[in-house]
Amino acid sequence: MAFTLSGDDAIQEISPTSIPEPYWVAISTSAAKMIGLELNADGFPQNEVWLQVLAGNQLLAGTHHFSNPIATVYSGHQFGVWAGQLGDGRAILLGDIAGQELQLKGAGKTRYSRMGDGRAVLRSSIREFLCSEAMHALGIPTSRGLSVVGSDLPVFRETMETAAVCARLAPSFVRVGHFEHFASLQNTARLKELADLLIREHYPECSTNKNPHLALFESICARSAKLVAQWQAVGFCHGVLNSDNISALGLTIDYGPFGFLDHFQIDHICNHSDQGGRYAYHRQPQIMHWNMACLASAFIPLLAMNHADEEAQELLRNALGQFSAFYTQSWQALFRAKLGLSTAQDSDIELIERLLQAMHDSRVDFTNLFRGLSQLKTTSPVESITLRDQFIDRPLINQWFADYLVRLQSEASNDIVRTQRMNDVNPKYILRNYLAQHAIEKAQQKDFSEIAKLLKILEHPYAEQYENSEYAAAPPLDLAAVEVSCSS
């Protein structure tokens, strides 16, 4: 539902800044259907006014409540350091449609733009659009990418590029940073208003708890822990897990310098601005826990309304302590499923960790290795397993496969059933950086066909799609190190 906090200390009422001569770049049929937006035979809205609306050039009043767009204020920690007031510096919330908030990213300056121009470029908009829809198809909670509208308006980042507006959808764009902002101002009334809004609209089960605000914190922790476990299971690196980029609904939001793992590296850093590796792949669970600690600090005044300050802190500390258990349970279940294990044994974690270490040592392709494991037969001789060729230490991987086959046999695993189960959780297709880059380069020449094709493939990541198998390939050596930055 739409963000309902009002007042100068919470929002800025502001209309998007128009862009000249907008044109369609891409639209998601799935996202459009979710909000009841009818498309024509070319795959774009039948009502041509939507091009102007999603470009930020025109407001659509009436039943969609788009007559009072806003930007919201929040604060947060960036790279572990308190950054103070931030806010929607280039995103403007148009309003509510079919239970989703519709937000335009790249829609111009707001009060919170600081030194920025309020714009997004075509490159970054395509990446966010494609990845939002790819993550949704993978079954991972995320904001949705509705559309990308382009313009030849020049925008300077590292080089001169052109502008674009990405329309995105979510049940709510409330972040950890919203709570941090009001807590930093010691504005308990606003904190309570925000927490009660979330409970009423998105966490109704918390309303019957004897301590609704504590229950809300526990629920946000649980969702966030499960989310980061899902990221780890598909090899997704967010890139900038600042507290202001963390959804209070447990959604993946703010796609910037993200990347899916190709050749597995446990400490992979997808953001070349992250020189210290704070947001490396293996640190994502730890950092999400750290962000939940920031949220816990912001919740202290809420609990202190009914408890002594020390008791409030203790309650939140205990609740925060459950994060690791939530994460561990989710991670173990996901990786057992990736290996096709239908039961749980104490030795499973060692088996999983040994495989990941071997993959790291040999830089094995993360997605293709797990997809390939589904083809094994429980009676296969180790010597016949061609996947071994991807590993440097042959004796070590031989032993791992031998132990894995024994583990499958211990639960009388049915090869046909297991293959299907594994293919349902191990994607064949992910948004690899080199594929996104190829689509971007064609789009920069006004050819948007590759975006449309890639979107269709990514909408069915677990299907074989034999005709598109080249899109499942690891990147060629000369394209294996596509770098992305915060401007992405």
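Each reported figure results from applying straightforward, stated rules to the coordinates on display, with no laboratory input. Quick caveat: nothing in here was measured; it's all calculated off a predicted structure. A quick note on method: Cβ atoms are made from the backbone with ideal geometry, for glycine too, and the neighbour counts reach across all protein chains shown.
A cut-off of 5 Å between modelled amide H atoms, ignoring neighbours fewer than 5 places along the same chain, links Val121 with Ala164.
From least to most packed, judged by other beta carbons within 10 angstrom and beginning with the fewest, Val165, Val121, Val234 follow the order Val234, Val121, Val165.
With the charge dipole of segment 176-331 set up from +1 on Lys and Arg Cβ and -1 on Asp and Glu Cβ about the Cα centre, the Cα lying farthest toward the positive end among the listed residues Trp231, Cys221, Leu197 is that of Trp231. Using alpha carbons only, the radius of gyration of segment 11-170 set against its Kirkwood radius gives Rg/Rh = 0.96.
Using DSSP to define loop residues, name the trypsin sites (Lys or Arg not before Pro) in segment 290-367 whose beta-carbon has at most 13 other beta-carbon atoms within 10 Å.
When the trypsin sites (Lys or Arg not before Pro) of segment 290-367 are filtered for loop state and at most 13 Cβ neighbours within 10 Å, nothing remains.
Distance from the alpha carbon centroid of segment 428-477 to that of segment 212-244 works out to 27 angstrom.
Taking 20 Å as the straight-line reach from the Cα of Lys442, the lysines in range (excluding those fewer than 8 positions away in the same chain) are Lys453, Lys456. Taking a Cβ cut-off of under 10 Å around Ile14, the surrounding Lys, Arg, Asp and Glu residues balance to a net charge of 0, with basic ones at +1 and acidic ones at -1. Spacing of the modelled spin labels on Arg394 and His272, each 7 Å from Cα toward Cβ, amounts to 3.8 nm. Summary of the geometry: segment 347-381 and segment 311-339, compared by the centres of their Cα atoms, lie 25 Å apart.
Here the chain is scanned for GluC sites (Glu not before Pro) in DSSP loops (not H, G, I, E, B) that have at most 13 other Cβ atoms within 10 Å, and the longest stretch holding none of them is 159-463.
Working from label points 7 Å from Cα in the Cα-to-Cβ sense, the Met305 to Gln186 distance is 1.8 nm.
The DSSP beta bridges internal to the chain are antiparallel in roughly 95% of cases. Here's the picture: charge each Lys and Arg Cβ at +1 and each Asp and Glu Cβ at -1 in segment 11-170, and of Gly80, Ala134, Gly118 the one pushed furthest to the positive end of that dipole is Gly80.
Length gained on full extension, Asp42 to Arg317: 93.6 nm, using 0.36 nm per residue less the C-alpha separation. For segment 399-477, trypsin sites (Lys or Arg not before Pro) are listed when DSSP marks them as loop and at most 16 other Cβ atoms sit within 10 Å of their Cβ; the list is Lys446.
What the phi angles of segment 291-299 give under the Karplus curve with 6.51, -1.76 and 1.60, with θ = phi - 60°, is a coupling list of 5, 5, 5, 4, 5, 4, 4, 5, 7 Hz, glycine and proline written as x. Please give the net charge around Gln46, taking every other residue with its beta carbon less than 14 angstrom from that of Gln46, where Lys and Arg add +1 and Asp and Glu add -1. So the environment of Gln46 carries a net charge of -2. Each of [x] 27.4; [y] 23.8; [z] 29.4 is a candidate for mean projected area of the Cα convex hull in nm²; the one calculated from this structure is [y].
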